[in-house]
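K.L.:
Handing you a structure now.
The values are calculated or read from the model by the stated rules, or taken from the named source; none is laboratory data. Please read these numbers as outputs of a predicted model, since none were measured by experiment. Every residue, glycine among them, receives a Cβ derived from its backbone with ideal geometry; neighbour counts consider all protein chains shown.
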Amino acid sequence: MKNLYLILLAGIFALCIFACKRPNAVKPTHANGPKSDTSTTLIANTELVGDWNVVTDTMHRDSVPWLKGGSIMYYGTAKDHFIFTKYANLYVNIALNGWIDTAIYDISGSDTLRWINSYLKQGVATIIGPSSQGAFKIISITPHSLIIRTSGISPDGYEYQQITFKK
């Protein structure tokens, strides 16, 4: 049963990753091409800067048949983190399925977080090139905790994701 849970969660992560839209405006890449480092520009809002460990990642997708409209919750390990830098770089590591992401993030308004993946590795699959992550609303942020959430209606039904972090 535990293996089935891990396979289901890996499938959800894969679905999220491969369902992303590719923007044309920003074209960061990994070490195989130009650097994705944005170190020439400091971000205005530094609330997210730091190393955030994933506590939980809850997902719900009506469009995933084997979830049957249900939800799944992943409990983070010590190796699961999102590192936000003061130069708008984002580094993600999720140990469960070997998900490694290098991205550039942006906060618009006071509570909308977006990022563009420039290098993404999941298990043995590697994707180099930009793909965007949907907008997350910053629900709560303190010096030691962060909650972000995205939700909406797609042609396939209701979709929801909430990630809880701690420093």
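K.L.:
Residues being within 12 Å of the chain's Cα centre (by Cα) and among the hydroxyl-bearing types (Ser, Thr, Tyr): count how many of those fall in the range 79-98.
P.N.:
1
K.L.:
For the range 74-103, give me the residue count where each residue is part of a strand (DSSP E or B), modelled with pLDDT of 90 or more and aliphatic (A, V, I, L, M).
P.N.:
Number satisfying all stated conditions: 3.
K.L.:
Report, ordered by the first and then the second residue, all pairs with beta carbons closer than 8 Å, sequence separation of six or more or different chains, a first member in the range 82-101 that is touching a residue at least 60 places away in the same chain (Cβ under 8 Å) and more than 19 Å from Lys167 (Cα to Cα), and a second member that is of a type in the set (Val, Ile, Thr) and in a strand (DSSP E or B).
P.N.:
Pairs that qualify, where the first residue is touching a residue at least 60 places away in the same chain (Cβ under 8 Å) and more than 19 Å from Lys167 (Cα to Cα) and the partner is of a type in the set (Val, Ile, Thr) and in a strand (DSSP E or B), are Trp99/Val92.
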